[in-house]
């Protein structure tokens, strides 16, 4: 049997970050929105655990057991007393190290694919528990749609979305380390009274009603100053998107991908073209949200 799972990227329409906790993590109010850029993970029986990858930036993806897809297979197998003998092939289309949870997406997809392949019959709750062990963004990759993440982002409350939103993602050269961005956030806020993170009622209402203009006015990312400090060139990308007519723009998660909200598909196309022409990013991708979470899209039985 071969099982293929499709999984979306995410954008953080609100990322409110509290001060560093004793365990080194930060409390978050993280409003996730899944967007229609996808990786696929295909799981096939094998003699041992093996990871391969193809697609844009595949060369940047680790193929050892540090890969979240591999870690997901190991975690699921351990829970059920199995050996994680599986070949996981990742077809990348989500930007790598771009603040769009591509690695987390692959972990969620691999978990779902292996559960189906091995017939372990895990409950949704069990899968989400394993996702939370793997990383803060992994549970949302399984759930998709829209959700508020609290704690370090792994405790999810599903949110209602009243319409489609149109996005442009400007992909930068190279990546930004999430721990480095949080470290810079800590440096920039040292000595300050960092407020407890809470979800914006205005933003949640904009999502519920599908009001793109209201959502644009409420977009916020507390990590953006840190990302701009580490990668000042992102300011030029944000300026180009604004000049091209985006309703709003922000750094996506820990960056360096920047996300621009457009009023409709035509406007998104214009913003993307302007970004590419400006030379301030490597490429620009257009996508809609919300999108479904990790989903089994193909199961092939061996004869």
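Per-residue answers, yes or no, for (1) crowded, with 17+ Cβ neighbours inside 10 Å; (2) more than 21 Å from residue 142 (Cα to Cα); (3) more than 18 Å from the chain's Cα centre (by Cα):
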position	(1), (2), (3)
17	yes, yes, no
29	yes, no, no
38	yes, no, no
43	yes, no, yes
47	no, yes, yes
Exercise. How many residues are at pLDDT 95 or above, out of contact with any helix residue (DSSP H, G or I) (no Cβ under 9 Å at 6 or more places or on another chain) and either more than 30 Å from residue 248 (Cα to Cα) or in a loop (DSSP other than H, G, I, E, B) (or both) when one looks only at region 5-51?
Worked result: 3
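With the structure loaded, tell me whether residue 104 is closer than 22 Å to residue 158 by Cβ, part of a helix (DSSP H, G or I) and within 10 Å of the chain's Cα centre (by Cα) or whether it fails that test.
yes
Does region 52-63 include one or more residues that are under 20 Å from the mean Cα position of the chain (by Cα), surrounded by 24 or more Cβ atoms within 10 Å (Cβ to Cβ) and under 26 Å from residue 177 (Cα atoms)? Give the steps one after another, and end with the answer.
Of the residues in region 52-63, the ones under 20 Å from the mean Cα position of the chain (by Cα) are 53-63.
With surrounded by 24 or more Cβ atoms within 10 Å (Cβ to Cβ) added as a condition, the list becomes none.
No, the conditions are met nowhere in region 52-63.
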Exercise. Before we move on, is residue 77 modelled with pLDDT of 95 or more, part of a helix (DSSP H, G or I) and within 20 Å of the chain's Cα centre (by Cα)?
Worked result: no
For this session: Taking residue 229 as the residue in question, decide whether it is over 21 Å from residue 10 (Cβ atoms), in contact (Cβ under 8 Å) with a residue 40 or more places away in the chain and either in a loop (DSSP other than H, G, I, E, B) or touching a helix residue (DSSP H, G or I) at 6+ places or on another chain (Cβ under 7 Å) (or both).
Result: yes
For this session: Can you confirm whether region 256-278 contains a residue that is within 20 Å of residue 13 (Cβ to Cβ), in the same structural domain as residue 173 (by TED's automatic domain parsing), buried (at least 23 other Cβ atoms within 10 Å of the Cβ) and modelled with pLDDT under 95?
Result: yes
Problem set entry | Scope region 164-179; condition modelled with pLDDT of 95 or more and either touching a helix residue (DSSP H, G or I) at 6+ places or on another chain (Cβ under 8 Å) or farther than 20 Å from residue 235 by Cα (or both); matching residues | 164, 165, 166, 167, 168, 170
Problem set entry | Lone unmet requirement of (1) more than 19 Å from residue 94 (Cβ to Cβ); (2) at pLDDT below 95; (3) buried (at least 19 other Cβ atoms within 10 Å of the Cβ) for residue 194 | (3)
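Would you be able to say whether some residue in region 125-144 is assigned by TED's automatic domain parsing to the domain that holds residue 235 and more than 19 Å from the chain's Cα centre (by Cα)? Before the answer, list the steps.
The initial filter retains those residues of region 125-144 that are assigned by TED's automatic domain parsing to the domain that holds residue 235, namely none.
No, every residue in region 125-144 fails to be assigned by TED's automatic domain parsing to the domain that holds residue 235 and more than 19 Å from the chain's Cα centre (by Cα).
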Seminar exercise, completed: The lone condition residue 89 fails out of (1) surrounded by 22 or more Cβ atoms within 10 Å (Cβ to Cβ); (2) outside any loop (DSSP other than H, G, I, E, B) is (1)
Exercise. Taking into account only those residues within region 216-226 that are assigned to a helix (DSSP H, G or I) and in contact with a strand residue (DSSP E or B) (Cβ under 8 Å, 6 or more places away or on another chain), which is surrounded by the fewest Cβ atoms within 10 Å (Cβ to Cβ)?
Worked result: 217
For this session: Determine which single condition residue 174 fails, assuming it passes every other condition in (1) free of Cβ contacts under 8 Å to residues at least 40 places away in the same chain; (2) surrounded by fewer than 21 Cβ atoms within 10 Å (Cβ to Cβ).
Result: (1)
Exercise. If you check residue 189 against the conditions, is it more than 26 Å from residue 297 (Cα to Cα), within 14 Å of the chain's Cα centre (by Cα) and assigned by TED's automatic domain parsing to the domain that holds residue 213?
Worked result: no
For this session: Could you check region 109-215 for strands (runs of 3 or more DSSP E) lying wholly inside it with 3 or more residues that are more than 30 Å from residue 278 (Cβ to Cβ) and in contact with a strand residue (DSSP E or B) (Cβ under 6 Å, 6 or more places away or on another chain)?
Result: 146-150, 155-158
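Taking the conditions exactly as written (closer than 26 Å to residue 27 by Cβ and touching a helix residue (DSSP H, G or I) at 6+ places or on another chain (Cβ under 7 Å)), does residue 110 satisfy them or not?
Working: closer than 26 Å to residue 27 by Cβ: no; touching a helix residue (DSSP H, G or I) at 6+ places or on another chain (Cβ under 7 Å): yes.
Against the criterion (closer than 26 Å to residue 27 by Cβ and touching a helix residue (DSSP H, G or I) at 6+ places or on another chain (Cβ under 7 Å)), residue 110 does not qualify.
The values are calculated or read from the model by the stated rules, or taken from the named source; none is laboratory data. If you're wondering where the values come from, they're calculated on a predicted model, not measured in any experiment. Glycine gets a Cβ as well: all are built from the backbone with ideal geometry, and neighbour counts include every protein chain shown.
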